[in-house]
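A.B. asks: Next up is a structure, given as structure tokens.
The values are calculated or read from the model by the stated rules, or taken from the named source; none is laboratory data. Quick caveat: nothing in here was measured; it's all calculated off a predicted structure. Cβ sites come from the backbone with ideal geometry, for glycine too, and all protein chains shown count toward neighbours. Keep in mind that these areas ignore ligands, DNA and RNA; they rest on the heavy atoms of the full protein, side chains included. Shrake-Rupley method; radii C 1.70, N 1.55, O 1.52, S 1.80 Å.
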Amino acid sequence: QVQLVESGGGLVQPGGSLRLSCAASGRIVSINARGWYRQAPGKPRELVAVITGGGSTNYADSVKGRFTISRDNAKNTVYLQMNSLKPEDTAVYYCQLSTYYSGNYWGQGTQVTVSS
């Protein structure tokens, strides 16, 4: 079993920055990719950024140039650096760990609110 714990959310003014962290623990094998998703009220969950086992990254068009996903394999942790935040970035952010043989795992979510 794999556990994912997110941290780093909070309230920030437009134009500000936050860094989210997602620490994984447990039986972690055959990782396909790790990603960040978000869900705003009344909207479906959407992919924000993903980093593959090989280190390739991909971003939603709405966050390109503002968000950066990275990882520390020694700590089993993935990060999402969010800069130039906008009110439309307000959502609950979830981290995901995708495996080849054991399915996907999700964190509990962390709230990000961008407001003046």
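Listed here are the residues, each with its yes/no results for (1) part of a strand (DSSP E or B); (2) at pLDDT below 95; (3) surrounded by 14 or more Cβ atoms within 10 Å (Cβ to Cβ); (4) under 14 Å from the mean Cα position of the chain (by Cα).
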{"position": "21", "(1), (2), (3), (4)": "yes, no, yes, yes"}
{"position": "36", "(1), (2), (3), (4)": "yes, no, yes, yes"}
{"position": "41", "(1), (2), (3), (4)": "no, yes, no, no"}
{"position": "44", "(1), (2), (3), (4)": "no, no, no, no"}
{"position": "48", "(1), (2), (3), (4)": "yes, no, yes, yes"}
{"position": "54", "(1), (2), (3), (4)": "no, yes, no, no"}
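A.B. asks: Which condition number does residue 29 fail, the rest of (1) at positive phi; (2) modelled with pLDDT under 95 being met?
C.D. replies: Status for residue 29: all satisfied but (1).
A.B. asks: Go through the stretch 73-96 and give me each residue that's over 18 Å from residue 40 (Cα atoms), modelled with pLDDT of 95 or more and among the hydrophobic types (A, V, I, L, M, F, W, C).
C.D. replies: Result: 78, single match.
A.B. asks: OK, next. Being among the aliphatic types (A, V, I, L, M) and open to solvent by 20 Å² or more (accessible area, probe 1.4 Å) is the filter; apply it to the stretch 73-116 and report the residue that is farthest from residue 8 (Cα to Cα).
C.D. replies: Looking at the filtered set, the residue picked out is 74.
A.B. asks: Could you tell me whether residue 79 is outside any helix (DSSP H, G or I) and either at positive phi or in contact (Cβ under 8 Å) with a residue 60 or more places away in the chain (or both)?
C.D. replies: Spelling it out, residue 79 is indeed outside any helix (DSSP H, G or I) and either at positive phi or in contact (Cβ under 8 Å) with a residue 60 or more places away in the chain (or both).
A.B. asks: Something else about it: If you take the residues of the stretch 58-72 that are part of a strand (DSSP E or B) and exposed (fewer than 15 other Cβ atoms within 10 Å of the Cβ), which of them is nearest to the chain's Cα centre (by Cα)?
C.D. replies: Here the residue is 70.
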